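Notes for the one structure printed next.
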Amino acid sequence: MKSNKYKIAVVGFCVIAALSCTKNLNEYNPGGATPDATWTTPEGFVTAVNGAYQEQRAYYGKEDGTLVSEGGTDLWFTANKISFANQVTKYIGLTPASTGSAGTIFRLFYRAINQCNAGINRIDGAGFTDQADKNRRLGELRFLRAFYYWHIVEQFGGVNLRTTETQSAELTATRSSVSAFYDLIIGDLKFAADNLPNATFWGNEYSRASKKSALGMLARAYLSRAYYGTGQERADYLVLARTTANDVITRKAELGSDLWVSPADLWNPANNRNNKEALYIISNSTNAQLDYDANGNRLHAWYLTTYSGRPGLVRSLAYGFDGQKRLQPTRFLLNLFNEQIDGRYAASFQETWTANNAFTWNASTAATYGKAASVLGTALVPGTSRAMELTKQVVADKATKPWVLYDINDLYNTNGTIKSLTDFVPLKKFLDASRTAVDGQPGFADIMVIRLAEMYLISAEAEFQLGNYAAAATQLNVLRTRAAIKVPVNQTAAMQVSAAEVQTGGIDFILDERARELCGEHLRWYDLKRVFNGNQFVNRIKLDNPDIVDVQSFHRLRPVPQVELNALSNGAEFGQNEGY
Amino acid sequence: MKKIYFLTTFLFLAAFVQAQTRALNGRVLDAGNSDPLIGATITLQGSASRQLSNSNGKFSINVPDGQNVTITVRYIGYADQTVTFNPNDQDVTIKLAIQQNSLEDVVVVGFGTIKRRDLTGSVATVKASDIVKAPTHNALEAIQGRAPGVDITRSSGNAGAGVNIQIRGTRSIPNALNTAGGINPNAPLLVVDGVQNGGSINNINPNDIESIEVLQDAASTAIYGSQGANGVIIVTTKKGVTGKAKISYSAYYGINGWTKFPQPRLGEDYLNLRRESYRDPATGVIPADNVVFPNAGELAAVQAGQFVNWLELATQNGKQQSHTVNVRGGSENTKAFFSVGYFKEEGQLANNDYNRYNFRYNIDHKLNNWFKTGIVGQLAFNKTNARRDPLSNALTAIPLGTAYNADGSINTFPIAGNTSTISPITDLRPGASVDVTTGSEINATGYAELAPIKGLTFRSNLGTVLGSSRRGQFNDPFSLAQNNLRYSAASVTNQSSRYYNWDNVLTYNHEIQKHSFTVTAISSYIHSEAEEAFAGGIRQVLSSQLFYNLASTESTSRTTTSGFTRYDLLAYAGRINYSFDGKYLFQGSIRWDGASRLAPGHKWDSFPAVSAGWVVSREAFMKDVKQINSLKLRASYGITGNSTIKPYDTQSLLNTTNMGFGDIPAPAYTFNGNIVSPDLGWEKSRTIDIGTDVTAFKSRVTLGFDWYLTKTSDLLYPRSLPQSTGQTTVYQNIASTQNEGVNIILSTVNLQTKNFKWSSTATFSKNSEKITKLIDGRNIINTEENSLLIGSPVQSYYLYKGIGIWQQSDMPITTTLNGVTFKPGDIKVEDQNGDGKIDINDDRRVVGHQQPDWYGGLQNTFNYKGFDLNIFLMARYGQTVKGEFIGRYNPSGEANGPGNFNYWTINNPSNDFPRPGRGSLTNLYPNTYTSLLYIDGSFFKIKNVSLGYTLPKSMTEKFKISTLRFYATASNLFTYSKNPLLKDYDPERGGAESSPLGRQLVFGVNLDF
């Protein structure tokens, strides 16, 4: 009996021990970070501001940004005429379900806008004691929100305008007018311009938004906004655009920006870092940990043509990575330049390649490239001999030249459509000197998002629309003077344009000048949609880029992605953009 | 007074009888192969006398002299035998026959055991002898097709790959969040020696396993409450037995390979496709080769006829081997089982192998008559050399150039002058690409079992799992992984985990006349912690340092991350079993569960279950039905749960992201995309199960049948938010599903003569699943693979239905897609509403689903004298697979693709694949090409054929060997696929192109001393 008591005592003890293990079921997550814990001190809050820059880097330097902003315009067609990103490069199959690169912008930029809203909404709880510091951070956030919203409203029109952080399952949305978008954009940019410091304040963090960034963006926003208005409203915004652009130009020294003396200097890869002409920069670092992803900036590759593997040529750092072609110029774009007097052509496009590999012409290669028997045995000397030439000129005796040579008639048909399936004149603005591996795709160059030259063009366009042709010509001539070839013969005089020429040339002249100055710089699609109504938009593209045949007037806006409408419980009420 | 007289007489007689005894000697053997059975229990009827057979199967028991005696012999896994001997019998031999699903078998269930006779739930059992029949390192692969309701497929052809397992269909909704890291939200709970989640099944040597039980219905699984919704797999390892130590050695050696995989295009076949892609649609002209091959190196290779079949160069035949030595033995009080195992598998790709070492120790000790204790556990160490699967590269690489340099080394750039197209076999260069993981897992389970008074036992079980792994990776600038970046990268990932599960089970057993009760009370606690640290860098100085000196990487490039995950689970449960006369059975249970990962206020819930059984064959009216040996009807109903979300999924968290301004690093946090839903609760499954177990015709036929219906509600799903919210998903309880099906197992002895036996076991499982309810009553339309549609299975494929290719004869074509009119050679998809416009909202439909309609296995075993032949057939029918390699059709010929695809050209009006053209599939055939990818994956295969020969005892006994068996096994021998596109592919893999399944030919030996 005694033994039984002992046994029961042992079992009883064990049972009680077992039942008493009522552990805490609260989650323990020391590695996690919540917004409430992170963004409530000034030091922690900076991480919210830094995070707001993130999605720009998914746009600039990546494929989507280039395709959606330069593709589908009068300037570019898909490289080698292949089927690529047809929705935005050719307007083929652009539907709500199949938005291509445009849909990516929608998703990424709204993500960024939510980040901005979270910061703007929470900054009062972040414990800033220095009001100027707080306003600088708020200035960055409001600059960024305006930047993202400008892209959203220009691409998609009056869609969903959110100004608060999403904190619960919000399944409905309402449309806001384009003017409501611009009211927010302009308000944000004015605040940013008032509160952001000059560029020098940021020191080595030069790619943060500064006062010149906000003013530059504001000038761009005023100009875009003007075209949505009529009569006095339109004139008012044009004046604001001009005034703001001129303000930047006038205060350029104070704001920390200046024009280079020549286009060659502007695009010299050695001048890429913290480029002095920039008003706003997306920076990339050779330290991949500071870049959006391991690919960094691949803009250097999108506009190049194939040169490696041609007789006498192997891939080199100097000539760039030619394995990821995306866009090639239209004949219209090449012919916009008078390369005899305008230095921008040579600074922007590459027509000749010098051999970087020994080669001697033989019979089979000569046959492949259509060469005459006279070239047989000609040796190409690396560093000296010309190996390839792709030119907008007409060349008379191509067969006898001991290098690969295609002229304008090989590259384009007489109606302006693209003829060559293998070669084109490449844009070289974005050649990247920071790359280290010849065959590596990542690039680490900075990207100028807004630069001072655009201010002259904005000012000129506003003056033109206001009827001040002389003022317009004056601004254009600043850029044209800079662009003029100076040696051996100074072509400055030849480059000057008169008020009458501007007036006669009309808006097309302004657009042509923008193309000469800014081609490839993520703006062309916005330019066309800004200045043209639907039919003009279609006609311009079809005339100058005859390979694009499917563009229609409603393509001035992209479709709202179907996934957005599917996720909305009031998707039908929200509605699709017209035409889709 | 009378009573006392009788009692006195009885005692006197008893004493007399006891005085007059003799020793009856005998031997217990396996009726099939005449192996001695060690540790069989021999009981004398009408007495407490009981003996165990020794290592030779011999026993000696004292029996009353001069009269007939009846003894009963019992051995687990064999049918009991009761024999009567006359007073002169001596040196008797008793042969026990293996009994499948024997009613007297003890079945392991949640927190206890029960005789199959008394079972009211649905439990499938697979015994040790069946588990080692298929030579594989993973015990679950070995039970493929042997347990009804359990759908098992090998996950890939990689060395050391595990299995995909799903019991009775899909309840929870797999999604990007809950499947991250290879987790399957529909995976069953694995219980190893009583420990929930007691380590990885891949770490357990199949030779160490005594039995595997699969609990399927809610009555059986509800005792596991929140972890039971997807079924429970209970693995019990071998224990020591009393008697002289018995040593066994088993080994096999074999070859992996002969993989079926679509061959790439070669020679003119390839050139023609590429040229065709350049055909001008307007003029019909194909330009000259210098336009078609603008790269000079390619053109030269074409002209020189340098074609390469990369697939052939990328694959090989690998080897596999396994060795296990185990020892079983023990005294009356202490029993032990020790085992040492080694397994190595080489895949069909060079540098892909898996090594595993196991050391197991299972020790039980009886301190006294009421206190037992023991320790069970193992150390498993594994090393895996993984690699980036090059098959997609081999299939798609331009089949031109020179694969090897003159000195036999690999030519990194096969096409002269083209330094962007890297060789698909570049990773075979020595040291070019290393990805090696070493892992160790220590399991130790200690238990104490107290039986203080009759009928009452208390068992405390503490199971621990300590895991650690290290993955080291190095890729040089010209490896496939770094090809686009062209710099080397090295990294090390360290993981460690600590896990324990402490269960306490109090059981009270009581019998009053014909009433029998068992009451069980349980407390269960689980605690898990895992940590991870990653360090990596790029551009290290010396490639030969691999990942062993990260300090030699470029200092600004180094990355480090670390993470911590913890979760806790606490549960209390109670269960009562009642049986009346072994005829009427009843079980009821309830469990309360609390989980740390659920939202506050919703952490706790309860999971009840009831079940009943009626053993019809014990009723008087069945006495005369001689054909039926036993017949039981069962019914059960219960509720189980699942949380399917990962720890911390109910918290709104920030991600750190890369950011810098200029060269200045900038810490940045962004939202992780999930919005918190404060009222997130358990997924709950309500299951009704009706079943029967029948044994008939002198136990030659055994049938098990179950019908079940599971309704699951409150399914957790990360619902997509509108993109304009800037957030991605919100977890909500959004859906209900239903699974209904039948499981059948039929075991028969078809023929039995003196020397020949043919027996077979067939399993058949049919399941139909559907979504019955969705939040807001609206279908959730995402991409083709993760749309949720009311009335369709969970993993349905929702897309356009391909119906061939548009032909010249269809002209003029008016049907459009996205406003573009189809042209001859385009893919033709079904216009559901006939409006002439293929529209994403109107014309998509469910074209198939991932889970099979039914699946089954058929096991046939033939024994003739010393020979045994086992043939295992399996079939899965009605599932749709995404044939990834079909997506490798390359219409531009810029890259290669499978060679047997018949594509449309103006001169070849094929109806199978579309017209070649310049651009990618997605650009040329936007939204329609996917309609070709999803195809019927139904197949039938001869999974295993095994032929063995056991040497006669007369030969082996001279060498003190009790059993010596040789065998040869061929796996994945033959497959028949319903869809001809799968002709060159093993569809058990499920459509993925990486790591296809190969065949195995294995030779083995089993040796027992």
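Past 28 Å, Cα to Cα: identify those pairs from B:Lys133/B:Lys335; A:Lys81/A:Lys371; B:Lys239/B:Lys943; B:Lys133/B:Lys626, in the order given. Cα-Cα > 28 Å for B:Lys239/B:Lys943; B:Lys133/B:Lys626; rest within. Quantify, in whole percent, the carbon and sulfur part of the accessible surface of chain B (1.4 Å probe; protein heavy atoms only). About 56 percent, which is the carbon plus sulfur part of the accessible surface.
Accessible area per residue for segment B:548-616, computed on protein heavy atoms with a 1.4 Å probe, is 43 Å². If you wrap the tightest convex hull around every Cα atom of segment B:899-965 and split its volume per residue, you get 213 Å³. Calculated on the Cα set of segment B:33-186, radius of gyration then Dmax: 22.3, 77 Å.
For segment B:964-996, the list of trypsin sites (Lys or Arg not before Pro) that fall in a loop by DSSP and count at most 16 other C-beta atoms within 10 angstrom reads B:Lys978, B:Lys983. Once you divide the Cα radius of gyration of segment B:744-863 by 2.2 N^0.38 Å, the number left is 1.75. For segment A:423-550, the Cα gyration tensor yields ellipsoid semi-axes of 28, 22, 15 Å (square root of five times each eigenvalue, largest first, whole Å). Relative to the longest principal axis of the Cα atoms of chain A, the long axis of helix A:42-52 makes an angle of roughly 50 degrees.
The equivalent ellipsoid of chain B has semi-axes of 57, 33, 30 Å, largest first, where each one is the square root of 5 times an eigenvalue of the Cα gyration tensor.
For the protein assembly as shown, a Kirkwood radius taken over Cα pairs fed into Stokes-Einstein (10 °C, viscosity 1.306 mPa s) yields D = 42 µm²/s. Here chain A was treated as a single set of alpha-carbon atoms; its pair distances binned every 10 Å from 0 give 3, 15, 25, 25, 15, 7, 4, 2, 2, 1, 1, 0, 0 percent. Residues of segment A:168-186 whose accessible area (probe 1.4 Å, heavy atoms of protein chains only) drops by at least 20 Å² once all protein chains are present, relative to their chain alone: A:Ala169, A:Glu170, A:Leu171. Within segment B:656-742, the trypsin sites (Lys or Arg not before Pro) that combine a DSSP coil assignment with at most 12 other C-beta atoms in a 10 angstrom radius are B:Lys698. Each principal axis of the Cα atoms in segment A:50-101 has its own extent, and those three values, largest first, are 39, 25, 17 angstrom. For a modelled paramagnetic label at B:Lys454, 7 Å from Cα along Cα-to-Cβ, the residues of segment B:567-605 in reach, with backbone nitrogen under 19 Å, are B:579, B:581.
Put +1 on the Cβ of each Lys and Arg and -1 on the Cβ of each Asp and Glu in segment B:120-278; which of B:Pro174, B:Gly199, B:Gly254 then has its Cα farthest toward the positive end of the dipole? Positive-most Cα among the choices belongs to B:Gly254. Taken about its Cα centre, chain B carries a charge dipole of about 3260 debye when Lys and Arg each add +1 at the Cβ and Asp and Glu each add -1 at the Cβ. Only lysines eight or more places from A:Lys134 in sequence, or on another chain, were considered; those with a Cα closer than 22 Å are A:Lys190, A:Lys211, A:Lys212. When restricted to Cα atoms, segment B:544-590 yields an Rg and a Dmax of 29.0, 78 Å, respectively.
A loss of 10 Å² or more of accessible area (1.4 Å probe, protein heavy atoms, ligands and nucleic acids excluded) relative to the isolated chain is seen in these residues of segment B:559-574: B:Thr559, B:Phe564, B:Arg566, B:Asp568, B:Leu570, B:Tyr572.
Across chain B, C-alpha contacts under 8 Å between residues 6 or more apart give a mean separation that, scaled by the residue count, equals a relative contact order of 10 percent. For segment B:527-686, the Kirkwood hydrodynamic radius comes to 22.0 Å, computed from all pairs of different C-alpha atoms.
Measuring heavy-atom accessible area with a 1.4 angstrom probe and counting protein chains only, the residues of segment A:96-145 that give up at least 10 Å² relative to the chain alone are A:Ala97, A:Ser98, A:Phe106, A:Arg107, A:Tyr110, A:Arg111, A:Asn114, A:Gln115. Cross-link reach is defined here as a Cα-Cα straight distance under 17 Å, omitting same-chain residues fewer than 8 places apart; for B:Lys711 the lysines meeting it are B:Lys684, B:Lys766, B:Lys770, B:Lys773. For segment A:85-240, the alpha carbon positions stretch 52, 42, 31 Å along the principal axes, listed from largest to smallest. Full extension of the chain segment joining A:Ser177 with A:Val395 gains 73.1 nm, where the gain is 0.36 nm per residue of separation less the Cα-Cα distance. Size descriptors for segment B:412-562 (Cα atoms only): Rg and Dmax, in that order, 27.4, 93 Å. Computed 3J(HN,Hα) for segment B:895-906, one whole-Hz value per residue from the Karplus formula 6.51 cos²θ - 1.76 cosθ + 1.60 where θ = phi - 60°, is 10, 9, x, x, x, 9, 8, 8, 9, 7, 9, 4, glycine and proline marked x. Stokes-Einstein diffusion coefficient for segment B:637-712 at 25 °C in a medium of 0.890 mPa s, Rh from the Kirkwood formula over Cα pairs: what value in µm²/s? Result for D is 136 µm²/s. Note that segment B:381-489 presents 35 Å² accessible area per residue, ligands and nucleic acids not counted, probe 1.4 Å.
Taking the Kirkwood radius as Rh and the Cα radius of gyration as Rg, segment B:518-604 has a ratio of Rg/Rh equal to 1.44. Per residue, the average separation of C-alpha pairs within less than 8 Å and at least 6 apart gives segment B:374-459 a relative contact order of 41 percent.
Chain B against chain A buries an accessible area of about 8200 Å², both chains summed, 1.4 Å probe radius.
Using a probe radius of 1.4 angstrom, the carbon and sulfur fraction of the accessible surface of segment A:368-408 is 60%. Stokes-Einstein, applied to the Kirkwood radius of segment A:183-267 over Cα pairs at a viscosity of 1.002 mPa s and 20 °C, places its translational diffusion at 155 µm² s⁻¹. Taking the Kirkwood radius as Rh and the Cα radius of gyration as Rg, segment B:217-302 has a ratio of Rg/Rh equal to 1.51. Among the GluC sites (Glu not before Pro) in segment B:266-357, those placed in a DSSP loop whose Cβ has at most 14 other Cβ atoms within 10 Å are B:Glu332. Ligands, DNA and RNA left out, the accessible area of segment A:464-580 computed with a 1.4 Å probe is 52% carbon and sulfur.
Scan chain A and report its longest stretch carrying no trypsin sites (Lys or Arg not before Pro) that are both in a DSSP loop and have at most 15 other Cβ atoms within 10 Å. The answer is A:252-485.
The values are calculated or read from the model by the stated rules, or taken from the named source; none is laboratory data. These numbers come from a predicted model, not from an experiment. All Cβ positions, even for glycine, are placed from backbone atoms using ideal geometry, and neighbour counts span all protein chains on display. Accessible surface areas use protein heavy atoms only, side chains included; no ligands, DNA or RNA. Shrake-Rupley method; radii C 1.70, N 1.55, O 1.52, S 1.80 Å.
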